[in-house]
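Bear in mind these aren't lab numbers, they're just calculated from the coordinates by the rules spelled out. Please read all numbers here as calculations on a predicted model, not as lab measurements. Please note: Cβ atoms are built from the backbone with ideal geometry, for glycine as well, and neighbour counts cover all protein chains shown.
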Amino acid sequence: MRSFLFVPADSAKKLDKAMTSGADAIIVDLEDSIALDGKARARQSAAEFIKAVSASPKRPYLIVRVNGLQTGLTDADLDAVAPARLDAVMLPKAEGGAAVIHAAAKLSVREALNDLPDGHIKILPIATETAAALFVAGTFAGASPRLLGLTWGAEDLSAELGAQMNRDAQGRFLDPYRLARTLCLAGAAAAGVPAIDTVYVDFRDANGLRRECEEACRDGFTGKMAIHPAQVAIINAVFTPSPEALARAQAIVDAFAARPDAGVVGIGGVMYDRPHLVRAQQLLARAASASRR
Ligand code: COA
Ligand code: MG
């Protein structure tokens with residue numbers, strides 16, 4: 001999955017629009033975009049929306065962002081949306097694998113109550129929203145087979161750190177957030193799951209978004225979250241491997257297949273060894289799984 005579009009759960013119009021946005025996944029938000037006194041109503045509308053669309057063919061992947069485990073709101077969120085057969089929950093302010101284990105236990109109960117197979121609902125943590133979370137970003141490996149990927153956030157982290165801003169004048173993330181981004185990437189790789197890049201909030205700036213997508217793709221992220229439908233096409237385009245990249249990857253795989261004993265091969269005057277083979281195989285696998293969706 002390349003694009004994950006956030007939609008506030010209390011906006012029926014945006015929920016409808018998200019369905020035709022081209023996003024691979026929709027994140028129905030019960031957390032930051034919903035005021036405290038609107039939570040109950042938002043839970044209801046999230047559940048109604050997911051019930052209405054979950055059976056439609058070729059629908060996007062359906063994620064609900066619940067409120068974090070620290071808030072005391074998570075149980076009511078899960079009670080409301082579990083009967084609607086969502087695909088996954090996004091867990092904000094997650095602090096390491098322990099938070100995933102905690103959320104997984106809550107999900108097992110709801111699955112049993114709603115006749116869903118155990119493990120049906122996956123978990124996508126936002127792994128860097130608190131200072132403490134940074135120190136346990138490497139603990140997601142093996143926490144739960146529900147782990148769908150890891151993503152990261154800079155807004156709550158900058159509030160927690162007491163920072164005045166998180167990007168420089170050119171729009172690039174400052175050091176504390178580059179660290180959080182890297183910890184997300186490494187934490188995801190250590191856990192064997194995809195890393196999903198954070199949102200680009202300046203939704204009229206298509207060039208800035210494209211640059212950030214290209215940098216994320218270059219560094220190993222496989223997708224990015226969006227806050228506006230106009231961001232989806234750019235994200236999908238950048239995170240879809242180009243025919244040239246796929247052909248190059250195939251050539252590397254073919255060259256090693258032709259010489260199974262070789263540790264290193266030369267193609268067109270360039271050396272490729274085992275790490276190049278692994279990268280090529282990963283790219284081809286990602287393209288194959290995207291085309292099956
Ligand atoms: N999902 C679906 N549709 C959306 C959307 C979203 N995230 N954001 C905007 N739209 C729709 C608007 O409703 C509007 O529809 P219309 O043409 O039928 O009127 C259209 O896209 C154009 O929107 P625009 O006028 O450019 O933006 P806006 O001022 O209406 O909305 C935001 C701006 C930021 C409030 C809105 O994009 C939004 O709610 N984003 C998600 C916020 C969120 O979930 N945050 C939490 C995660 S960080
Ligand atoms: Mg937040």
Segment 249-269 residues near the modelled Gln281 label - backbone nitrogen below 12 Å, point 7 Å along Cα→Cβ: 253-254, 256-257
Full-extension gain in nm, Lys17 to Gln164, via 0.36 nm per residue minus C-alpha separation: 49.5 nm
Roughly how far apart, in whole Å, are the Cα centres of segment 154-205 and segment 105-148? 21
Between Ala245 and Arg211, what is the spin-label point distance in nm, taking each point 7 Å from the Cα along the Cα→C-beta axis? 2.0
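Once the convex hull of the alpha carbons of the chain is built, what does its volume come to per residue, in cubic angstrom?
Convex hull of Cα atoms, per residue: 151 Å³.
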Have a look at Ala25, Ala163, Ala188 and tell me which one the Gaussian network model of the chain (Cα, springs below 10 Å) gives the largest fluctuation. Ala163
Compute the relative contact order of the chain as a whole-number percentage, counting only Cα pairs closer than 8 Å that sit 6 or more residues apart in sequence. 15
Pseudo-spin-label distance Ala262 to Ser289, built 7 Å along Cα→Cβ, given in nm, is 2.8
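List Lys13, Lys58, Lys106, Lys93 from most exposed to least, where exposure is judged by having the fewest other Cβ atoms within 10 Å.
Numbers: Lys13 8, Lys58 5, Lys106 19, Lys93 23.
Lowest to highest Cβ neighbour count: Lys58, Lys13, Lys106, Lys93.
With viscosity set to 0.890 mPa s and temperature to 25 °C, compute the Stokes-Einstein D of segment 63-120, Rh being the Kirkwood radius across alpha carbon pairs; µm²/s, no decimals.
On the way: Rh = 11.4 Å.
In µm²/s, the coefficient rounds to 215.
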I need the Debye-formula profile for segment 1-130: one equal scatterer per C-alpha, no solvent, reported as log10 I(q)/I(0) at q = 0.13 1/Å, two decimals. -0.47
What ratio of Cα Rg to 2.2 N^0.38 Å holds for segment 135-251? 1.13
Geometric extent, Cα atoms of segment 1-62 - Rg, Dmax (angstrom): 11.2, 34
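Report the extension gain between Ile101 and Val201 in nm, rounded to one decimal, defined as 0.36 nm multiplied by the number of residues separating them, less their alpha carbon distance.
Working: separation 100, 0.36 × 100 = 36.00 nm, distance 3.05 nm.
Between Ile101 and Val201, full extension yields 33.0 nm more.
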Global size of segment 168-213 as Cα Rg and Dmax, reported in angstrom: 12.2, 35
Residues of type lysines that Lys93 reaches as a straight line, Cα spacing below 17 Å, ignoring anything fewer than 8 places off in the same chain: Lys106, Lys122
For segment 199-216, Karplus couplings with θ = phi - 60° (6.51, -1.76, 1.60), whole Hz, Gly/Pro x: 6, 10, 7, 7, 6, 8, 9, 5, 5, x, 5, 4, 4, 5, 5, 5, 5, 5
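Hey, fewest Cβ within 10 Å first, where do Asp77, Asp156, Asp219, Asp175 land in order?
On the way: Asp77 25, Asp156 18, Asp219 12, Asp175 9.
Fewest-to-most Cβ neighbours within 10 Å comes out as Asp175, Asp219, Asp156, Asp77.
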Can you give the angle from 0 to 90° between the axis of helix 96-113 and the longest principal axis of the chain, with both taken from C-alpha atoms, to the nearest 10? 60
